[in-house]
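The values are calculated or read from the model by the stated rules, or taken from the named source; none is laboratory data. This structure is a prediction, so every number in the text was calculated from the model and none was measured. Here Cβ is always computed from backbone atoms with ideal geometry, including for glycine, and neighbour counts include all displayed protein chains. The protein model used for the area step is the full one, side chains on, heavy atoms only, and it has no ligands, DNA or RNA in it. Shrake-Rupley method; radii C 1.70, N 1.55, O 1.52, S 1.80 Å.
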Amino acid sequence: MSEERTVLRVPELPESVADATVVALHKQPGDRVRRDDLLAELETDKVVLEVPAPTSGVLDEYTVEEGAVVEADAVLGYISAGAPAETAPEKPAPTAEPEAEQGPAAREDEQRPERAAPPPPSPAVRRLLAEHDLDAAEIAGSGQNGRVLKEDVERFLSEREAKPTEPAPARTEEPAVSGRPAASAPAEKPPPAAEPEPAPASAPPTPPEPPRARPSAQAPVPSGTRGEERVSMSRLRARIAERLLHAKQSTAMLTTFNEVDLSEVMALRARHKDAFQERHGVRLGFMGFFVTACALALRRFPVINAALDGNEIVYHHHADIGIAVSSPRGLVVPVLRDAGQLSLAAIEGRIREFAERARDGRLDLDDLRGGTFTITNGGVFGSLLSTPILNPPQSAILGMHATQERPVARNGEVVIRPMMYVALSYDHRLIDGADAVRFLVAVKESLEDPGRMLLDL
């Protein structure tokens, strides 16, 4: 039997990730598993890796426990090719007396222990359940052994949302908690269908981060009483803290500011957003304009796109622009490869995909690797002005902020315009102030006159 055992190993980790933490083991020794069943979850500095079963069989044992730190290719456990689930159930021993009383009925119940206790959902599904205040027990799972999948939750939400919409005109007393105006809506018995509407599933017109930052899974809920609670930092949070501190201590960071009149971009978007979405299948937001403007400016000022490597300057002949995105686990920065070669539709589509995958915990390590420049948008959370911190080894980062109507002077007159403050933080060891300011002015000019981007001016 031993020669038939398959080794369950830690998948290959990239060079920048030394090890991973075992955060969940989803099967028990003796359980029957099928190929690609989720067996373990490993948290790295950047993403959560799911370890599927490499073959079908029976899980013999785990060689690690939850919380253990493992390296690439380490052994997690063993799977045997046999299927002794029917001949060697593990639970009859402590229930010997009931078995004698019930006879075949007790043995029949023991044949389906997995159905009685479905495997726990994946982290992405757990976050989706938490967003909508759902219990996995109330949803019929279509996965292996009744496991609740993301598709099951989405189907449950769509069915729940559809039910109250039909009787709504006849039952005017039923409240509407979605925020839409309703003349007769006493807030006595909120229907469950209203919850999915504000969820951050659709891509917003500005950056595609979730509209509300939910606390991480480790964050304790205040009890209202005096006291304190200590929780361990997640690997991602610890990595963020390490990198931010390193950026502050190892760079000569300076920030320059400007403001952008977004009247022309907003007018252009208002004229063409419907046709754009119909043709390309994605909403026309504002981030695509900012990415395009930055890619053009990086071409004009290559030192902004460069990096220091010891005593050498590395000039990149491509613009791989990272887009800072909030996720339930913390801030992540997926990278748009060759952003200067992408159309607005391609940029918006990829950003939306990044946002959805970050929310569901499905970003790959390759999505986060590299990057020559970063854009972050605190405006979606209401930030009016900030000084973004560099993302080493990059030498510059652009910070976007909230758009507000403000009085500005135009041609000797005071007018109201939608204005946004923008900030460029840069490493002064490499980038002179003149280049930083001219880069930010070039971005401003492209956004205030979008035709310049089309003409590459």
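Spin-label point model (7 Å from Cα, Cβ direction): what's the Ala81 to Glu154 distance in nm?
In this crude spin-label approximation the distance works out to 3.8 nm.
Nearest 0.05, what FRET efficiency do Thr225 and Asp19 give at R0 = 35 Å with Cβ-Cβ as r?
Details: r = 38 Å, r/R0 = 1.09.
The value I calculate is 0.40.
Report the extension gain between Val415 and Glu61 in nm, rounded to one decimal, defined as 0.36 nm multiplied by the number of residues separating them, less their alpha carbon distance.
Numbers: separation 354, 0.36 × 354 = 127.44 nm, distance 7.16 nm.
Extending this stretch completely gives an extra 120.3 nm.
What shape does the range 285-344 take by its C-alpha gyration tensor, where a ≥ b ≥ c are the square roots of the eigenvalues and a/c under 1.5 counts as rounded, a/b above b/c as prolate, and the rest as oblate?
Working: a/c = 2.66, a/b = 1.26, b/c = 2.11.
Oblate.
Read phi for every residue in the range 29-35 and hand back ³J(HN,Hα) as whole Hz from Karplus 6.51 cos²θ - 1.76 cosθ + 1.60, θ = phi - 60°, with x for Gly and Pro.
x, x, 6, 7, 10, 10, 4
Work out from phi, with θ = phi - 60° and the Karplus expression 6.51 cos²θ - 1.76 cosθ + 1.60, the ³J(HN,Hα) of each residue of the range 396-407, listed in order in whole Hz, and give x for Gly and Pro.
7, 8, 9, x, 9, 9, 5, 8, 10, 6, 9, x
How much accessible surface area, in Å² rounded to 10, belongs to the heavy atoms of Ser327 with a 1.4 Å probe?
Rounded to the nearest 10, that gives 20 Å².
What trypsin sites (Lys or Arg not before Pro) in the range 394-457 are in a loop by DSSP, with at most 16 other Cβ atoms within 10 Å of the Cβ? Intermediate values should be presented prior to the final figure.
Working: sites: Arg410, Arg429, Arg438, Lys444, Arg452; in loops: Arg429.
Those satisfying the criteria are Arg429.
FRET efficiency for Val437 and His317, Cβ-Cβ distance as r, R0 = 30 Å, nearest 0.05?
For R0 = 30 Å, the calculated efficiency reads 0.80.
Largest first, what is the accessible-area ranking of Met420, Met233 with a 1.4 Å probe?
On the way: Met420 5, Met233 115 Å².
Ranked list, largest accessible area first: Met233, Met420.
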